[in-house]
Amino acid sequence: MKHKGLLQRGTHVWFVALLLLFVAAGQVSAAYTVLVATDGVERTTSYDLIREYGSDGTLVQDFSDPFPESHLRWSDMQLVNGTVYTLSHKYTNTYTWNYAGLTYDGTKNIPGGGKNLEPQDSTFSPDGTKYLVMNPATTRGIQRFEFPSGTWVDKFITPDATSAGFCYGPDGNVYIADTAGWIRRYDGTTGAKIDDWTNVSGGLRKLQWHDGFLYAAAYGLSGNEIYKIDPTTGAPTIYLSTDSITGADMIRDFAWAPDGELVVSTTNNLSSAADYYLINKIYRFDAATGALLGEIATLPEYARPDALIVIPEPATMSLVLLGLPMVIRRRR
């Protein structure tokens, strides 16, 4: 299981969609497949994509067409017991969704009054009873919802600074990375801050635990590394760098694959806002040495690959949007 474990006036709608995976042996010749979801940023809905690629670069399926014309902006994915949960946010005043027999009329608020606009990262609690989402702003922080009902529980953690990613650790505590390079620890039961655990040069993005170490993707103008962090001392070392790859200025997400490989999604960050997000790619690296093995896919301009997961066995995907509707009206 992979734990990961912006603001606009008007009504913000975001939801969690369920992608049900059905394994079909022999459908794909690659050793694994990669599911990638993109955030079209300030562009049109045509840049919000969910695609499945084989590790050899073959486009297996494209789930973009079934989506409505709304600007979804995918931000995170979680794979749990064969089901993929995708997190999105959007910018419209009203929202009606008709898919798989479910209709959202765009008028209901989250029970309990959740206030998480434009969620950027998500994870499940270790016991699987809560779904947690993060907004970068400290005023919104990390909020919890009952799973699978979607009932709002509370604002669980108020981070010290603008957040970039978070996850539960093997110790049961919550680790939060911020845009200033800090990783801070919070009690996984109470949400209380434990300490400023470690600092990495430059801003950070998503966090993942793997084989007893914490890995953190750098984020920002000079952020093009993945750091491996010692669980005892908190000391960071550079695990992988994309410095030598043209256009791979920002690592957006990463996931381990079979046969000792690491899959990384990147985008570019050039001299001006107009130049951002033109080069969007998925790469394969040797997980032991950090050596580049090859490119899996090139995505369209402005289709920033903010979320990816690896499906360990060849699979074909059937898309069913079951949904967790969450509609928030922001005070003007």
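Please tell me if Lys155 is modelled with pLDDT under 95, assigned to a strand (DSSP E or B) and surrounded by fewer than 22 Cβ atoms within 10 Å (Cβ to Cβ). Even if it seems obvious, please write down each step before you answer.
On the way: modelled with pLDDT under 95: yes; assigned to a strand (DSSP E or B): yes; surrounded by fewer than 22 Cβ atoms within 10 Å (Cβ to Cβ): yes.
Yes; evaluated as a whole, the condition is true for this residue.
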TODO: Can you confirm whether segment 84-104 contains a residue that is at pLDDT 55 or above and under 21 Å from Gly203 (Cβ atoms)?
DONE: yes
Task: Matching residues, segment 158-181, being assigned to a loop (DSSP other than H, G, I, E, B) and among the polar types (S, T, N, Q) - done: Thr158, Thr162, Asn173, Thr179
TODO: Report the residue count in segment 208-258 for those that are assigned to a loop (DSSP other than H, G, I, E, B), closer than 24 Å to Ile311 by Cβ and of a type in the set (A, V, I, L, M).
DONE: 1
Open item on the list: Checking Ala235 against (1) surrounded by 13 or more Cβ atoms within 10 Å (Cβ to Cβ); (2) hydrophobic (A, V, I, L, M, F, W, C); (3) closer than 28 Å to Asp195 by Cβ; (4) at pLDDT 90 or above, only one condition comes out false. Which one?
Closed with: (1)
Open item on the list: So, in segment 173-186, exactly how many residues are at pLDDT 95 or above and over 17 Å from Gly234 (Cβ atoms)?
Closed with: 0
TODO: Scan segment 71-92 and report the pairs whose first residue is under 11 Å from Thr38 (Cβ atoms) and hydroxyl-bearing (Ser, Thr, Tyr) and whose second residue is at pLDDT below 75 and not in a strand (DSSP E or B), with Cβ atoms within less than 6 Å and a gap of 6+ or a chain change.
DONE: Ser88/Leu72
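Could you tell me whether Tyr277 is within 20 Å of Gly203 (Cα to Cα) and in a strand (DSSP E or B)?
Values: within 20 Å of Gly203 (Cα to Cα): yes; in a strand (DSSP E or B): no.
Against the criterion (within 20 Å of Gly203 (Cα to Cα) and in a strand (DSSP E or B)), Tyr277 does not qualify.
Among the residues of segment 179-215, write down those that are closer than 19 Å to Asp76 by Cα and buried (at least 23 other Cβ atoms within 10 Å of the Cβ). Step through it out loud before you land on a result.
Just the residues of segment 179-215 that are closer than 19 Å to Asp76 by Cα, to begin with: 179, 203-210, 214-215.
Leu204, Arg205, Lys206, Leu207, Leu214, listed by residue number.
Just checking, does segment 29-52 include any residue being more than 21 Å from the chain's Cα centre (by Cα), at pLDDT 60 or above and over 17 Å from Lys281 (Cβ atoms)?
Of segment 29-52, the ones more than 21 Å from the chain's Cα centre (by Cα) are 29-31.
Right, trim to at pLDDT 60 or above and you get 31.
Among the residues that remain, those that are also over 17 Å from Lys281 (Cβ atoms) are: 31.
Scanning segment 29-52 turns up at least one residue that is more than 21 Å from the chain's Cα centre (by Cα), at pLDDT 60 or above and over 17 Å from Lys281 (Cβ atoms).
Test of understanding: among Arg184, Arg205, which residue is part of a strand (DSSP E or B) and farther than 19 Å from Arg304 by Cβ? Give the steps one after another, and end with the answer.
Values: Arg205 fails: farther than 19 Å from Arg304 by Cβ.
Of the residues listed, the single one that is part of a strand (DSSP E or B) and farther than 19 Å from Arg304 by Cβ is Arg184.
Do we find a residue being at pLDDT 85 or above and surrounded by fewer than 22 Cβ atoms within 10 Å (Cβ to Cβ) anywhere in segment 117-124? I'd like the intermediate steps shown before the answer.
Going through segment 117-124, the residues at pLDDT 85 or above turn out to be 121-124.
Keeping just the survivors that are surrounded by fewer than 22 Cβ atoms within 10 Å (Cβ to Cβ) gives 124.
Yes, because at least one residue in segment 117-124 is at pLDDT 85 or above and surrounded by fewer than 22 Cβ atoms within 10 Å (Cβ to Cβ).
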Task: Gly294 being out of contact with any helix residue (DSSP H, G or I) (no Cβ under 6 Å at 6 or more places or on another chain), assigned to a strand (DSSP E or B) and surrounded by fewer than 18 Cβ atoms within 10 Å (Cβ to Cβ) - done: yes
Task: Residue under evaluation Leu79, criteria (1) farther than 29 Å from Leu293 by Cα; (2) surrounded by fewer than 20 Cβ atoms within 10 Å (Cβ to Cβ); (3) modelled with pLDDT under 80, criterion not met - done: (1)
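I need a count of the residues in segment 132-152 that are in a loop (DSSP other than H, G, I, E, B) and aromatic (Phe, Trp, Tyr). Spell out how you get there, then give the answer.
Here is the first cut: in segment 132-152, the residues in a loop (DSSP other than H, G, I, E, B) are 135-141, 147-151.
Still in the list and also aromatic (Phe, Trp, Tyr): 147.
Counting residues in segment 132-152 that are in a loop (DSSP other than H, G, I, E, B) and aromatic (Phe, Trp, Tyr) gives 1.
The values are calculated or read from the model by the stated rules, or taken from the named source; none is laboratory data. Because the structure is predicted, anything quoted here is derived from the model rather than measured. Because the Cβ atoms are built from the backbone with ideal geometry, glycine has one as well, and the counts that use them run over all protein chains shown.
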